[in-house]
Structures are given as structure tokens and as C-alpha cells.
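Worksheet: one structure, shown below.
The values are calculated or read from the model by the stated rules, or taken from the named source; none is laboratory data. Everything numeric in this text was worked out from a predicted model, so none of it was measured. Note that we place each Cβ from the backbone using ideal geometry, even for glycine, and neighbour counts take in every protein chain shown. These area figures cover heavy atoms from the full protein model, side chains too; ligands, DNA and RNA do not enter into them. Shrake-Rupley method; radii C 1.70, N 1.55, O 1.52, S 1.80 Å.
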Amino acid sequence: MSAAPRSSPLALTVLALLHYKPLHPYGVQRLLKDWGKDQVVNVGQRAGLYRTMDRLLEAGLIAVRETGRDAQYPERTVYEVTDAGSEVAHRWLDEMLSTPKQEFPEFPAALSLLMLLTPEAMRSALTRRAAALDLALAGQAAELSREAETGLPRIASLEGEYVRTMTAAELAWVRGVLADLDAGRLAWSPEELLALAGEEAP
């Protein structure tokens, strides 16, 4: 048995779903999508899910419950969470909820390099981002409405509520930057940037 792997949203979600019932990897992936967890957990590649489950198995956080086969599917291994896995899942969940973590998403990294673009190119890119955020926000609002109609308790959809709030905040911020660009309150020149860097223009 190896040491517990590093916490990750996917590993925690696998442990949480196996608290619900024993599952094979395909069942985990299906529940992730059925319950909308793919909106907050990266499960784009099935291979990543299998690697995560292998690491959890090696660390003794999950165990093989049974291996079965039927006419429709190849051999499938069903996993269950262990007592150690339950303990680790609760610890990871507490840490993720209580402790802000320095994360490195793409958007802030791109913002830090905007001096490579002209104002026109920046306006074009951010206008397209605003349109995409607006579309995402509409979809998120519709999903929350559907969940409310089913009588789903709020505790079961807080992640969707959070994602919608963050999307709305980002959209408002992007629109504010675009407004500043259009009003001339946000402007720069290569010479100004070079001066800030302590260099002279050629």
C-alpha cells in the first residue's frame, strides 16, 4: 500500500461517489455527468479517471468489491470506498472548503500578458469572451431553474450556484474593461510599456 495521493477534485469526487454506492469506473463517469459534477470537475478524458482510481486503489483508499462480466460488456471491476478512504475524503473536503488555495487558471495568466496585444485585438478577444460568458450564464440559470423545479434541496446544487455567481462576476468585470477601452480610460503605448520596464524604445 502506497502513501495517500495528493488531493484533487477528481479524487475527492470519486471517493464521494463511492460513498453513495460501489461502482465501476464507467458508472463513476456516468454519475459525474448525470449529477452535473462534470461542470466543476475535469473528467474530459476517461484515462484520467482510470489513473485516479488506480492511485486510490494503490493507496488503499478504495478496494475491489467484485469483478463481473455479462454478454453486453467486457469484464468490469466494481470498487468501494474503504474506511481509510472515507477518512481521507472527509479530511480533503474540510481542507478544500476551509483553505483558499493559490490556483493558476489560464485567464489571469493571459491578462498578465496583454501588453503583447493592441487595444483592438484585446477588445476583439474580450468581446468574444463576454459573449461566451453570457451564453454560459444563461445555461447555468436554466439548469438551476430545472433543479429547483424538481425539488432538489439547495445543498445539492450549491456548486452550480457558486459557478453561476462567479460567471456573472467575471462577465460584469469583462464588460467593465470593455467599457473602459471604448471610453479611452484604458490605453497604452509600446513606449510607455518600455519605459515602465526601464528600457528605451529603439
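Below are the figures for this structure:
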{"read-out": "Positive-end residue of ALA142, SER7, VAL78, charge dipole of the stretch 1-155 with Cβ unit charges", "value": "ALA142"}
{"read-out": "Order by protection proxy (mean Cβ within 10 Å, highest first), peptides 100-111, 123-134", "value": "123-134, 100-111"}
{"read-out": "Virtual paramagnetic centre 7 Å along Cα→Cβ of THR127, amide N under 20 Å, in the stretch 78-116", "value": "111, 114-116"}
{"read-out": "Extension reserve of the LEU137-LYS101 stretch, reckoned as 0.36 nm per residue once the Cα distance is removed", "value": "10.5 nm"}
{"read-out": "Nearby aspartates and glutamates by direct alpha-carbon distance to LYS101 (threshold 18 angstrom, same-chain neighbours under 8 apart not counted)", "value": "GLU159"}
{"read-out": "For the stretch 50-57, 3J(HN,Hα) per residue [Karplus equation, 6.51 cos²θ - 1.76 cosθ + 1.60, θ = phi - 60°, Hz, x = Gly/Pro]", "value": "5, 5, 4, 5, 4, 5, 5, 5"}
{"read-out": "Cβ-Cβ FRET estimate between ALA197 and ALA110, R0 fixed at 25 Å, reported to 0.05", "value": "0.85"}
{"read-out": "Rel. contact order, % - alpha carbon contacts under 8 angstrom, at least six apart, the stretch 57-159", "value": "15"}
{"read-out": "Rounded percent of accessible protein surface that carbon and sulfur make up, the chain, 1.4 Å probe", "value": "56"}
{"read-out": "Karplus-derived 3J(HN,Hα), 6.51/-1.76/1.60, for each residue of the stretch 154-171, Hz, glycine and proline x", "value": "4, 4, 7, 10, 5, 5, x, 4, 5, 4, 5, 4, 5, 5, 4, 5, 5, 4"}
{"read-out": "Using θ = phi - 60° and Karplus 6.51 cos²θ - 1.76 cosθ + 1.60, couplings along the stretch 33-47 (whole Hz; Gly, Pro as x)", "value": "7, 4, 8, x, 6, 5, 7, 10, 10, 7, 10, x, 10, 4, 4"}
{"read-out": "Within the stretch 1-120: Cβ-based charge dipole about Cα centre, in debye rounded to nearest 20 (Lys, Arg +1; Asp, Glu -1)", "value": "220"}
{"read-out": "Distance between the stretch 1-49 and the stretch 116-144 - C-alpha centres, whole angstrom", "value": "29"}
{"read-out": "Simple Cβ-charge dipole of the chain, Lys/Arg +1 and Asp/Glu -1, about Cα centre, in debye nearest 20", "value": "660"}
{"read-out": "Rounded FRET efficiency, nearest 0.05, which uses the C-beta distance separating ARG51 from SER189 and R0 of 45 Å", "value": "0.40"}
{"read-out": "Over the chain: helical MRE at 222 nm, DSSP H runs n ≥ 4 each giving -39500 (n - 2.57), nearest 500", "value": "-19500 deg cm²/dmol"}
